[in-house]
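> Have a look at the structure that comes next, please.
The values are calculated or read from the model by the stated rules, or taken from the named source; none is laboratory data. Being a predicted model, the structure only gives us computed values, none of them experimental. Cβ coordinates were reconstructed from backbone atoms using ideal geometry, including for glycine residues, and neighbour counts include every protein chain displayed. Heads up: the accessible areas ignore ligands, DNA and RNA and are worked out on the full protein's heavy atoms, side chains in. Shrake-Rupley method; radii C 1.70, N 1.55, O 1.52, S 1.80 Å.
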Amino acid sequence: MSLDWQPKIVGFTCNWCSYAGADLAGTSRMSYPASVRIIRVPCSGRINPVFVIRAFQRGADGVLVAGCHPGDCHYSTGNMYARRRFLIARRFMEYLGMDPARLEIHWISASEGQKFQEVIKNMTDRIHAMGPNRKMREIL
Amino acid sequence: MNDLREQLKEAVASAFSQGRVRSFVCLERGFYPFATMPAILHSGSDADRVEIGLADAPLLAKYLLDMPKPAGIVVRSCDALGVSRLIRDRRVKREDLYIISISCPGVVDTAKIPMSMHRITALEKAGDALIVHTALGPTELPWSSVLLDRCLACVSGAASTDADVVLDDGRGKPPAPVDYSEIDEVEHMAPDERYAMWEKEFAKCIRCFACRNACPACSCRKCSLDLPEPEWLSRAVILPEQFMFHFTRAYHVAGRCVGCGECERACPVGLPLMKLNRKFTRDIETLFGVDDARIPRDVEVLGTFLPDDPEEFC
Amino acid sequence: MNHLNLSRYEGEWLSFAQTVEAEGGKKVLSCYQCGKCSAGCPLSFAMEQQPHQVMRMVQLGLSDRALQSPTIWRCAGCFTCTTRCPRGVDIAGVMSALRVIALARNVRTSRRAQAFHKVFLSLIKRYGRINEFELVVRYKLASMNLFQDLDLGLRMFMQGKLKPPRGIAGVRQVRALFRHEKGGGKRSGLRLLPGLQLTRHREGV
Amino acid sequence: MGYAYYPGCSLHGTAKEYDMSSRACLDFLGIQYRELPDWSCCGASSAHSVDHTLAVSLPARNLTLAEQMNLPLMTPCAACYSRLRGAHHALRSDPGLAKKVLTVLGSEYKGRYEPLSILDVLYQYGPEAVGEKVTKKLKELRVACYYGCLLLRPPDYAKFDDPENPGKMERLVETTGASAVDWPHRTECCGASLSLSDTKLVVSLATSIVDMAVRHGAECIVTACPMCQANLDMRQRGRTKLPVYYVTELLGLAFGLEPKRLGLTTHMVNAISLLRAKQLA
Amino acid sequence: MIRVGVFVCWCGSNIAGTVDVGKVAEEAARIPGVVHVEQNKYTCSDPGQDSIRKAIKEHRLDRVVVAACSPRMHENTFRKCAASAGLNPYLVEMANIREHCSWVHSDMSVSTPKAVDIVRRAVAKVKRCVPLHPSTIPVEKRALVIGGGIAGIQAALDIAEAGYDVTVVEREPTIGGRMAQLDKTFPTLDCSSCILTPKMVDAASHPGIRILTYAEVEEISGYVGNFEVRVRKRARSVDEARCTACGICILKCPTSRDSEFNMGLGTRKAIYMPFPQAVPNKPTIDREICRHFTAGKCGICQKVCPSGAVDFSQEDQVLTEKFGAVVAATGATQFSVEVYGEYGYGRYPDVITGLELERLISSTGPTDGKIRRPSDGKIPKTVVFIKCVGSRDENKGYPYCSKACCMYTAKHAILLKEKIPSASAYVFYMDVRAGGKDYEEFYKRSQEMGTRYVRGRVSRIYPLDGKLIVQGEDTLLGERVEVEADLVVLAAAMVPQPDAPEMARKLGISYNQYGFFSEAHPKLRPVETNTAGVFLAGTCQGPKDIPETVAQASAAAAKVISLFAKSELSTNPNVASVDESLCSGCLWCSNVCPYKAIEEKIITERAGKETVTRTVASVNTGLCQGCGACTVACRDGAMNLLGFTNEQILAEVEALCL
């Protein structure tokens, strides 16, 4: 695996908090590894755990699911359902053998640009150390 | 045992005679003298085909979907869970059903009898043992060693009270605690080791969807995995798609699986599907403080939340 | 025109501040000159450059001024400033960092204070503990200030407070600590005054 | 369970009164302690001001010795208290430095016990319990409690009391029946190690502190740090001189112990005359 | 075949500076379905938008991707632009290659391939977009203003003047808020109650404004145009109709406590009016200390009341009403300065805060406007003002600057000189921030009146012989300084209300890490929030002074008025939609819908010979806000979210992972 291999992380972010946090990281010119590709959804409640499996199938090395802090959701309860869904979905994926560090779920508010930067940096370092994902993946 | 069958026959016949049902699903003699198979009766005259079913009795709940209503059904407590599942999923209405509940001492799983089926002439329950009659004479096996998995963790052997007719002969199997040691075993394996195990298991899957058809929780009109667009699941039987199928099936029944094990029994290649479902069931019980996730509730576990759910994501 | 040409310090602008922060003077660059440290410093009345002005020198990269300022040797390390700094700057830490760098770069100011620390550390290396009697004697020799506190010394001696030095068993381990932290292995020998070089003492007591 | 007792260099020398009175009080209260065998200097006054690695490695040696004895380390001296806690904090928060120091010492340090000051020990024993043990009330003795710096600052590891508005020493002193005076310079610095190299500075600091105590009606000053005691006792040049006691000396007196055994006879400013005037000694 | 146009924006050098826009355009052209690629230095500018319109017509584009900034910034701009060229606005998708790419990755060899991936994602999604048409919902033309301070009053007056009904909910027994506690206001030194009381009376007497005092908002549900708000109006125990405000009850009442209005300096009775010019001018019984309620005794006020207005049996009223818009004007409060042990607030009585001095100066204050030392009531000769107490302090307070303290401290110094000409005023400051109109001149006036401005922060205050010794540093002189003060005034920081986060949750808006409500965009949309229909005014959004607060209040009112100007509101068309052929009618989706927008619907269809009726889910597009929680609860895949369909998201994942 070449040294400058860059892990590919698919980031599902909710439009009102974590996407705005990513924007704030941009406006504050905080640099972080170019490993994450962001998909905007209205709410973390919109993120179906099956999307995460599809991302790993198609070759993602890591998946980030980001939503608002509990209590702050623009739709008041979206992230609460997301929390329940991903509490059991993440355990099930580990149960199927997926390395736990490849899926991360974080609550990032619209004013936490720095937290978004840290999450991406830590995630990239951890996954870079683990190398590309071989599991559940179509080998093209 | 027979008087329960007589009472059942009378109840079925009277159901038809009183016009309470247009069809009735029960068990009748199978290919082997001791085996039974599902039967859908359409008139009172067929009532004597009814059997109690000592061995390999399948769950009857799912047949209700396509039967002309009002439909009748004989339910053990596991069937009752299946019926309740369908009612909560609004796939059938309680008022369209005529339920006769019977007590159940447990159902024998012939796969657990260490003898090939064709040599068995008859099976008989005697006290706490199963007498297997063969051409060479009877042998005795401890009753609890030959039961179906679901019976080992049976909710309660007594006849379910939510029924139109309750026939309880008092010999119902006492409720037993659920044993998740099988799940702990898998959890203690290393991720790669687990992945290799599931890889080997899923490689066997031929995607016949028998598990979906047998499952009372999988009651959608059209399964989203069959849709061409969006193609959640591609037709290719390759490993990543197997993981996609088994993840999605297990996730869709998470918190709704009644633990009947029909999926595992229906699987032609013998995949340990209950090992997947019961992982979700156990996690739901520990994470969200649900005492028995198999029992259907008005609001399903993933359809609600508690503000102080466990917080693992910072 | 004798303006202080800041661009001449361009090279040291950030590097000096980073050296100070590496040596323990946390967040010196975030000081906004509010003066609360100097206001609360018990010894600022005796300092030509006030603590906040020393911070200013570090911020502007005026390394020679900062290292030569007697202020850094007047600091008693009482941490009043660090406790109250609204920007979380560890001013006491910056002062001690400057002292460390001054010693490393052999900047010769406040002879007495440097002599005291030098003698103090050499005694720990010799006995593993400080013997106050020998500390005062050696300090007087090193600082040439022979006649101070003679009366106090006599009274203390009479009260039995000045006992002869007694080493400890683990003194070799203490010496290893000295050798190790001086960049490991190299013989530690601080030249204080030209010529006055602490001879390498005999191993053990 | 008991404590590992770390006297520190000055308590074996110029501040032997503090050592004597501390031991007397601990024995009287029945608190078990064992002097840390073969303890070495914690490097106070010099190590931490000129060499940051040494500032951690010197106290670290004593911390590891105490941890091997499976006893919390306790010291009367505020300077040693500050250095020991500083090293304890550094060893736990800076793994790189910890590895470097501990490899030289050849031992590991898990930091199970927080280093304590003798005042913490007295507080764990309980101020009321101490009060009950008092036999001779130090009636109308007006005392100014002087905390100095290192018991309270820097707040991220010196945690004896609130750095701006402490009150624990007052409570302890009042259990002896004496009355603690409310005065402003309780946490002003006395000049510490500048006593030798910049004596006239310490003279002016000490004098202003004592004068402020006098202005607020104090008859004596009480402290828990040998350096502060030495500086105030030796360097005060005010019109009215105040005796400077250690907390453990006052407690000892209140317990009815012999002044001589508490080291009250070897102060610079006469410590016995005030007590005699108040029929306390 | 879908014809997609990709417009790569340079954004000046913001994108072109660190992303090889040429390469992005070149790669974009190779994506199947892309028939036209264009680069623009400023796509959002008028010429930029014109080139899009021209390209749509010329190349018969039926999808547009704009690779530029964040959709949160200009999605509406480009949607309107496409609509003006005849293309359905919801067939436009933005690729965020600025905030998520060029601004965060400086190395072109890394940022360019990422930008291409982002464009590929956008194209994959836009190909699966379908034309959407917003539906409309009615607007309840009534506004709710939470908070009756100057911000709330101004907003209410402006909205009412435009002819719409307004309800003001104020937690205290009277409106007036923080400004009522002030005596004079900078920079003109006109008397606060002279300019505030008339406005309060206008608001009280305006036919369009209904004021609910001693009332709190308990719950807000619904969405823009259709908010449902539950308000609890606490029992005043005084019948407002009968009471003539003669004040006898207040006179005779035996129990009293520290007056919150006077910042604890004076006292007020159990039945009280916070200040004489209170509106409504009716007393209120504080049931926590009133002996009738605590011990069942007393009841003097009821006995002496000439018009029998005192009614102990009054109950809390809970009213639930519909509103079209909400203006949050809940204000801010003062930093609790006890945290500064070194200043001794709470231990030394003569150390007070700026607001407490304001009460001393005010004629309705405890000392009838005469500045007296709280300890012994003497006239202070030397007064020391200390600025930035709690502000600009990461150690013990908040790192931000509270904006108004420099000016009100200068005001205090001037007023001190007017009231006690012989007094000398010191101000310990770090910077004097006087950026408003006439502010610098006001600061100059304070200097010229002899206020000694000492540049340096105070380290400690301690009492000595009846004086307060203030130890500071004059950093310009480079020397330690001391002042023997009679009175010390701390300019405390302006901090959010303690229950601000809870109010933000009720409003459904976000707040920053200190508790100030978050505006939609700090520069472009300062009075709106990300929740449509909820607007901000005043210090609840951040520290500010009265001129800015009033300006913001009028701005918020303008936003409400423009909202009410339309008879109907067009709703966001990204709502859920049900594929009835797939739906099995399990209705698990309706459980997770926060807006109760999913109902049961009976449909009949032919199944073979017979006609069969079955239930399916159906979405009320008016109520649905498009959160999408139902799509994940739906196992059949029947429920989809327009604009973020399953097909689109799966396609986006596919595009990003190639």
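> Between chains A and B, what is the buried accessible area summed over both chains (1.4 Å probe, protein heavy atoms, nearest 100 Å²)? Please report the intermediate quantities before stating the final value.
Details: alone 7790 and 15990 Å², together 19950 Å².
Result for this pair: about 3800 Å² buried.
> How large is the accessible surface of D:E132 in square angstrom, using a 1.4 angstrom probe and rounding to the nearest 10?
Estimated to the nearest 10 Å², D:E132 gives 150 Å².
> So, one more: Can you give me the solvent accessible area of B:H118 with a 1.4 Å probe, rounded to the nearest 10 Å²?
140 Å²
> Something else about it: Could you derive backbone 3J(HN,Hα) for segment E:3-18 from the dihedral phi with the Karplus parameters 6.51, -1.76 and 1.60 (θ = phi - 60°), listing whole Hz in sequence and x where the residue is Gly or Pro?
9, 9, x, 10, 10, 8, 9, 7, 6, x, 10, 4, 9, 4, x, 10
> Oh, and also: Of E:K601, B:K275, which has the most accessible area with a 1.4 Å probe, and how do the rest follow in descending order? All intermediate terms of the calculation are to be shown ahead of the outcome.
Values: E:K601 80, B:K275 40 Å².
The ranking, largest first, comes out as E:K601, B:K275.
> At 7 Å along the Cα-to-beta-carbon direction for both C:L103 and E:R53, put a label point, then send me their distance in nm to one decimal.
Distance between label points: 7.6 nm.
> Among E:P198, C:C78, E:C81, flag the residue with its Cα farthest along the positive direction of the charge dipole of the protein assembly as shown, charges on Cβ as +1 for Lys/Arg and -1 for Asp/Glu.
It is C:C78, whose Cα lies furthest towards the positive end.
> Here is a follow-up. Please report the carbon-and-sulfur percent of the accessible area for segment E:4-126; probe 1.4 Å, protein heavy atoms only, DNA, RNA and ligands left out.
That share works out to 54 percent.
> Using only atoms on other chains, find how many Cβ atoms lie within 10 Å of each Cβ of peptide C:69-79 and report the average.
6
> Another question, then. Please list, in chain and number order, the residues 5+ apart from E:V139 or on another chain whose amide H is under 5 Å from its amide H, with Hs placed from the backbone.
Under 5 Å from the amide H of E:V139 lie the amide H atoms of E:L569, each far enough along the sequence or on another chain.
> With only Lys, Arg, Asp and Glu charged, each at its Cβ (+1 for the first two, -1 for the last two), find how big the charge dipole of segment E:483-594 is about the Cα centre; round to the nearest 20 debye.
Taking the Cα centre of segment E:483-594 as origin, the dipole is about 300 debye.
> Under 5 Å between amide H atoms, partner at least 5 residues away or on a different chain: which partners does B:Y98 have, H built in plane at 1.01 Å?
Long-range HN contacts for B:Y98: B:A71, B:G72, B:I73.
> Under a 1.4 Å probe, what is the accessible area of the protein assembly as shown per residue, stated in Å²?
It amounts to 38 Å² per residue over the protein assembly as shown.
> Continuing with this model, one more query. Have a look at D:Q68, D:A180, D:N270 and report the one farthest towards the positive end of the charge dipole of chain D, computed about the Cα centre with Cβ charges (Lys/Arg +1, Asp/Glu -1).
D:N270
> Additional query: Dipole size in debye (nearest 20) for the protein assembly as shown around its Cα centre, Lys and Arg Cβ +1, Asp and Glu Cβ -1?
Charge dipole of the protein assembly as shown: 4700 debye, to the nearest 20.
> Follow-up. Once label points are set 7 Å from the Cα along Cα→Cβ at both E:S581 and D:K200, what is their separation, rounded to one decimal in nm?
It is 10.2 nm.
> E plus A alone minus the pair: what accessible area, both sides summed, probe 1.4 Å, in Å² to 100?
Buried: approximately 4100 Å² between A and E.
> Can I ask one more? Would you mind getting me the FRET efficiency between B:M115 and B:D162? Use the beta-carbon distance for r and R0 = 30 Å, nearest 0.05.
Calculated transfer efficiency: 0.20.
> Give, as a single signed number, the net charge of other residues whose beta carbon lies under 9 Å from the beta carbon of A:G26, with Lys and Arg counted +1 and Asp and Glu -1.
Values: positive: A:R29, E:R98; negative: A:D23, E:E99.
Local charge sum for A:G26: 0.
> Once fully extended, how much extra length lies between E:K566 and E:K609, figured as 0.36 nm per residue of separation less the alpha-carbon to alpha-carbon distance? Working shown, then result.
Details: separation 43, 0.36 × 43 = 15.48 nm, distance 5.06 nm.
Full extension of this stretch gives 10.4 nm more.
> Residue-wise, which Karplus ³J(HN,Hα) couplings in Hz belong to segment A:42-50, taking 6.51 cos²θ - 1.76 cosθ + 1.60, θ = phi - 60°, and x for glycine or proline?
x, 8, 5, x, 7, 7, 7, x, 5
> Checking the cross-link filter: which lysines have an alpha carbon closer than 16 Å to that of E:K437, excluding same-chain neighbours under 8 positions apart?
E:K403, E:K411, E:K544
> Tell me: how much accessible area in total is hidden between E and B, 1.4 Å probe, Å², nearest 100?
Details: alone 29230 and 15990 Å², together 43350 Å².
The buried area between E and B, both sides summed, comes to about 1900 Å².
> On to the next question. Considering only E:Y348, E:G377, E:V488, whose Cα is most displaced toward the positive end of the charge dipole of segment E:334-495, charges sitting on Cβ of Lys, Arg (+1) and Asp, Glu (-1)?
My answer, from the dipole projection, is E:G377.
> If you don't mind, another one. E:K23 to E:D465: extension gain in nm, 0.36 nm per residue of separation minus the Cα-Cα distance?
Here the answer is 151.3 nm.
> Okay, next question. What is the magnitude of the charge dipole of segment A:9-130 about its Cα centre, with +1 placed on the Cβ of each Lys and Arg, -1 on the Cβ of each Asp and Glu, and no other charges, expressed in debye to the nearest 20?
320 debye
> For B:I102, what accessible surface area do you get with a 1.4 Å probe? Give it in Å², rounded to 10.
Accessible area of B:I102: about 0 Å².
> For E:K297, list the lysines whose Cα falls under 20 Å from its own Cα; do not include residues on the same chain fewer than 8 positions away.
Once the sequence-local lysines are set aside, what remains near E:K297 is E:K252, E:K269.
> Follow-up question, since we're still on this one. Over the residues of segment C:9-104, compute the C-alpha Rg and express it relative to 2.2 N^0.38 Å.
For segment C:9-104, the normalised Cα radius of gyration comes out at 0.94.
> Then there's this: Tell me the net charge near E:T615. Cut-off is 11 Å between Cβ atoms, E:T615 excluded, with +1 for each Lys or Arg and -1 for each Asp or Glu.
Charge balance near E:T615 sits at +2.
> Continuing with this model, one more query. Tell me, what HN-Hα J-couplings in whole Hz come from the Karplus equation 6.51 cos²θ - 1.76 cosθ + 1.60 at θ = phi - 60° for each residue of segment C:158-172, using x for Gly and Pro?
4, 7, x, 8, 10, 8, x, x, 10, x, 10, 5, x, 4, 4
> To continue, here is another question. Roughly what would the spin-label model give for E:R257 and B:V269, points 7 Å off Cα along C-beta, in nm?
Going by the 7 Å Cα→Cβ label model, 7.4 nm.
> Counting Lys and Arg as +1 and Asp and Glu as -1, what is the net charge of the other residues whose Cβ lies under 14 Å from the Cβ of E:S106?
Charge balance near E:S106 sits at +1.
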